[in-house]
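Novice: Pasting a structure here, questions to come.
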Amino acid sequence: MAEPFFIKNREKLFSHLEDNSVTALFAANAPLKRGDEYYPFSPDRNFYYVSGIDRESCILFFAKKAEEKRVILYIPRDNGTLAKWVGANMTPRQATEISGIEEIRYIDQFEEDVAGYLFQNNIETFYLDMECRSFSHHMTPALTFAKKLKAHFPAVQMKNVYPIFAKMREIKEDYEIEKIQQAIDITIKGIEQMMKQAKAGMMEYEIEAYFDFVLKQNGVFQKAFQTIAASGKNGTILHYVNNNGKTKQGDLILFDVGAQKDWYNGDISRTFPVSGKFTQKQKQIYNIVLQGQKKVIDAIRPGVAFASLNVLLKEYYFEQLQKIGLVQTMQDVSKYYYHGVSHYLGAETHDIGRYQAEYLKPNMVLTVEPGLYIEQWEMGIRIEDDVLVTEDGCRVLSKNMIKTVEEIEAFMA
């Protein structure tokens, strides 16, 4: 039986679309790695949000007129003997059971169907997901189709549906919060296992392996993102993913990790001493970061400007780092803290939404991840939790993951 969440999302999408318009969403394909090997497939999240389908090559078509709302799901045909090599394609019946969409057709019929529908119904507007972040951005199926549409139907106005999804997906439904919570709970188990097993002299990837094992134990086959396992000076590199350094006595190790549950993500960072005890200097900087995180979490509530959270943290850092002689001016803070304190979390780890212009609303989910990175001290510290905005404040979804100096040292002992 189809999950009501996806059916509800289709109705939400329709409410944002103009009359006399059509929309096409593409599930995408796994990119070729080399030869006959492909990278793992991950569905386009806007497509998944309104279909519940996580199969390659599928296309979703919406038509909205004053008297009609129509949804068609296009799927690949039966792949015959190829099924013995790669598994069978989804059948129309399976597609309907998963998505709740009754009208199923095949992808080789899509372009002819679209051309006929545009002509016969005098369609004025065609919505496509035209997310693009730079001129070097890869050509997605939607961008490729947009070029073809412009060439053959220049009178049809194209509009970008991406901002509509960005707005819809900012506010999480109960189904999504449940999936995010499950991903967080599994992430916590993985971090605890790494902390139990960590010892000075281990390779970063050896400690990371314990996280991967826990994910598989819990039926998770996709991570939210590539694991960051950064010891010592490596911890000052924000997106360090080589994970091939050797830990040594006295090192801190920074882990930024996340499990993925049904395409929804957890995202937690913890920093701990591989030998089990913080030095006095490490403890001092760690507690500055921890108190900074507390200040930001305490400020989260509906109506607060998203961008103000980072301003609050930087002002606090300036105060604290000035006391210990690391900075003289506010500008100096950026030498040791050079990222934002929050991003939205959901079906994408850096979930879509209007960041700088947005005010917090109930049922948004965001991370809080202050950090300090002091290269000359070979010290990188980041503490990250996942937070749900509530009607009158917030709830820390990852509250079960320990983070004070005392808790960490006791746990590792």
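Novice: My understanding is that a pair violates if its Cα-Cα distance is over 22 Å; which of Lys196/Lys403; Lys12/Lys147; Lys248/Lys281 do that in this structure?
Specialist: Lys12/Lys147, as the Cα separations exceed 22 Å there.
Novice: While we're on this one: Computed from the coordinates I sent, log10 I(q)/I(0) by the Debye sum over Cα atoms at q = 0.08 Å⁻¹ equals one of (1) -0.57; (2) -0.42; (3) -0.51. Tell me the label.
Specialist: Looking at log10 I(q)/I(0) by the Debye sum over Cα atoms at q = 0.08 Å⁻¹ for this model, the match is (3).
Novice: Could I ask something else about it? Which value results for Rg/Rh of region 171-412 when Rg is the Cα radius of gyration and Rh the Kirkwood radius based on the inverse mean 1/r?
Specialist: Result for region 171-412 is an Rg/Rh of 0.95.
Novice: Counting other Cβ atoms within 10 Å, keep those with at most 11, restrict to DSSP loop, and tell me which GluC sites (Glu not before Pro) in region 23-90 are left.
Specialist: Sparse-neighbourhood loop GluC sites (Glu not before Pro): Glu67.
Novice: Could you run the Karplus curve 6.51 cos²θ - 1.76 cosθ + 1.60 with θ = phi - 60° over region 52-59 and give me ³J(HN,Hα) per residue in whole Hz, x for Gly and Pro?
Specialist: Along region 52-59, the couplings run x, 9, 10, 10, 5, 6, 5, 9 Hz.
Novice: What number results when the radius of gyration of region 102-236, computed over Cα atoms, is divided by 2.2 N^0.38 Å?
Specialist: 1.63
Novice: Among His239, His350, rank each residue by its count of other Cβ atoms within 10 Å, from fewest to most, as a rough exposure measure.
Specialist: His239, His350
Novice: List, in order, the whole-Hz ³J(HN,Hα) value for each residue of region 239-256 obtained from phi through the Karplus relation with A = 6.51, B = -1.76, C = 1.60 and θ = phi - 60°; use x for Gly and Pro.
Specialist: 10, 6, 10, 5, 6, 10, x, 9, 6, 9, 3, x, 6, 8, 10, 9, 10, 10
Novice: Which chymotrypsin sites (Phe, Trp or Tyr not before Pro) does region 114-164 hold that lie in a coil by DSSP with at most 11 other beta carbons within 10 Å?
Specialist: Phe135
Novice: A further question follows. Please tell me which of these pairs span more than 28 angstrom C-alpha to C-alpha: Lys172/Lys295; Lys33/Lys84; Lys33/Lys233; Lys283/Lys361?
Specialist: Lys33/Lys233; Lys283/Lys361
Novice: Now for a different question. Can you tell me the dipole magnitude for the chain around its Cα centre, using point charges on the Cβ only (Lys, Arg +1; Asp, Glu -1), in Debye to the nearest 20?
Specialist: 780
Novice: While we're here: Normalised by the residues of the chain, what does the relative contact order come to in percent, with Cα pairs under 8 Å and at least six apart?
Specialist: Reported as a whole number, the value is 13 percent.
Novice: Just to confirm the filter: which trypsin sites (Lys or Arg not before Pro) across region 44-133 are DSSP coil and have at most 15 other Cβ within 10 angstrom of their Cβ?
Specialist: Counting only loop positions with at most 15 other Cβ atoms within 10 Å, the trypsin sites (Lys or Arg not before Pro) in region 44-133 are Arg77, Arg133.
Novice: For Lys248, enumerate residues with amide H under 5 Å from its amide H, sequence gap 5+ or separate chain, H modeled in the peptide plane.
Specialist: Here Gly201 satisfy the definition.
Novice: With a 10 Å Cβ neighbour count serving as the proxy for reagent exposure, in which order, fewest first, do Glu384, Glu102 appear?
Specialist: Ranked by crowding around the Cβ, least crowded first: Glu102, Glu384.
Novice: Would you list Lys295, Lys261, Lys150 from fewest to most Cβ contacts within 10 Å?
Specialist: Lys150, Lys295, Lys261
Quick note: the coordinates plus some simple rules give every number you see, no bench work behind them. Not measured: the values here are computed from a predicted model. Reconstructed Cβ throughout: ideal geometry from the backbone, glycine too, with neighbour counts over all protein chains shown.
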